[in-house]
1. From the gyration tensor of the Cα coordinates in segment 1-45, what semi-axes in whole Å does the equivalent ellipsoid have, largest first, with each one equal to sqrt(5λ)?
2. Near the amide H of GLY23, under 5 Å away, which other amide H atoms are found, from residues 5 or more places off or on another chain, if H is placed in the peptide plane?
3. List every residue whose amide H lies under 5 Å from the amide H of MET30, counting only residues 5 or more places away in sequence or on a different chain, with H placed 1.01 Å from N in the peptide plane.
4. Would you compute, for the Cα atoms of segment 5-75, the largest minus smallest coordinate along each principal axis and list the three values in descending order, in whole Å?
5. Relative to the present Cα-Cα distance, how much length would full extension add between ASP18 and ALA5 at 0.36 nm per residue of separation?
6. Give me the one-decimal nm value for the distance between modelled label points at LEU28 and ARG67, 7 Å along each residue's Cα-to-Cβ direction.
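Each reported figure results from applying straightforward, stated rules to the coordinates on display, with no laboratory input. Just so we're clear, the structure is a prediction, and the values are computed from it rather than from any experiment. With ideal geometry, Cβ positions are generated from the backbone for all residues, glycine too; neighbour counts draw on all protein chains shown.
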Amino acid sequence: MLQKASELRLLDVINISDGRRLGNVYDLDMDLATGEIKALIVPGPGGGWFGTKRGAEIIIHWDQIVRIGKDVILVDLPPSTGSYGP
């Protein structure tokens, strides 16, 4: 199943190791020579007034992606990976 990068942005990213919703994809890390996606980038947890202050980005390497479905992206990150909220 092929998907456009713009469609990936609409999908929730869920970590299967702890069941947390990490957010939505907002950027991709690509190898320009091959056109392959190396990683998905999800914004870190919000903070401050109205969520304007963000934490560090969550980088999800291609080999950490378990499944890309029509509604969700399942990833397998260690629970200690990136402090993505309480």
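1. 21, 12, 10
2. Here VAL13 satisfy the definition.
3. Residues meeting the criterion, in which the H sits 1.01 Å from N, are LYS38.
4. If we take the Cα atoms of segment 5-75, the spans are 40, 26, 20 Å.
5. Details: separation 13, 0.36 × 13 = 4.68 nm, distance 2.59 nm.
Difference between extended and current length: 2.1 nm.
6. With each label point 7 Å from Cα toward Cβ, the separation is 2.2 nm.
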